Amino acid sequence: MAYVESFTHKVRQACWELGGGGEDFTLLALVDELGLEMSDTKRIVAALKDIKRAGVVAGVDRGVYRLANGGTPANTGELCAKMWRLLRMRKVVMVSDFVELVEASENYTKEWLQALARRQIVRHEESGAWRLLVDSVEMPTLDDNARKLRRLRARKKALAKLGEARAALDAAEAAINEMEDGDE
């Protein structure tokens, strides 16, 4: 079964991208960063409500937000450290262990464990448990996804700009053709 990233997680990551330097960001910037349309703002606002409740994002003004910890991905490092300690202590864990003992969300836990599995640090067993294969004292850094996401976002932005340029060229060509038709 493939893991599907939750919409709230995508919004949270977009918040970190936009507000990573401690700067404020708007709802419109989130819409753009996520590559969505204005009709999706209700979904984004609902996700932001959950993210605000978790203490990751704070509202600055109407439609303006800021990361609650001044530009650091709120508590993520601390949460990962707790998850890593639990995994090292237990050696075999269930997702519910992380939800119960570390207070991590189920989706975030699954994503984190799958990232570890891709690096062959843990293995998912048929029983649904996750087994630690490589026990190092230092928690492994998992920044593969962040790099992929940055490249993907840059590609999406470039394609969007290319589409805008094509539309502008088509409009200009149509205007020129219209002018030529008027001369005859």
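The values are calculated or read from the model by the stated rules, or taken from the named source; none is laboratory data. What you see is a predicted model; the values in this text were computed from it and never measured. Backbone-built Cβ (ideal geometry, glycine too); neighbour counts: all protein chains shown.
Candidates Val56, Val64, Val60, Val45: the one that is closer than 21 Å to Arg150 by Cβ and out of contact with any Gly (no Cβ under 6 Å at 6 or more places or on another chain) is Val56. Taking each residue of region 77-104 that is closer than 12 Å to Ala129 by Cα and at pLDDT 90 or above and looking for partners that are part of a helix (DSSP H, G or I) and polar (S, T, N, Q) with beta-carbon atoms closer than 7 Å, six or more apart or interchain, yields Val95/Thr109.
Selection of region 143-153 for residues being among the aliphatic types (A, V, I, L, M) and modelled with pLDDT of 65 or more yields Leu149, Leu152. When the helices (runs of 4 or more DSSP H) confined to region 81-184 are screened for residues that are farther than 26 Å from Asp50 by Cα, those reaching at least 1 such residues are found at 106-118, 144-183. Among the conditions (1) at pLDDT 85 or above; (2) touching a Cys at 6+ places or on another chain (Cβ under 8 Å), the only one that Asp24 does not satisfy is (2). Looking across Gly55, Gly59, one residue alone is small (Gly, Ala, Ser), in contact with a strand residue (DSSP E or B) (Cβ under 9 Å, 6 or more places away or on another chain) and at pLDDT below 85. It is Gly59.
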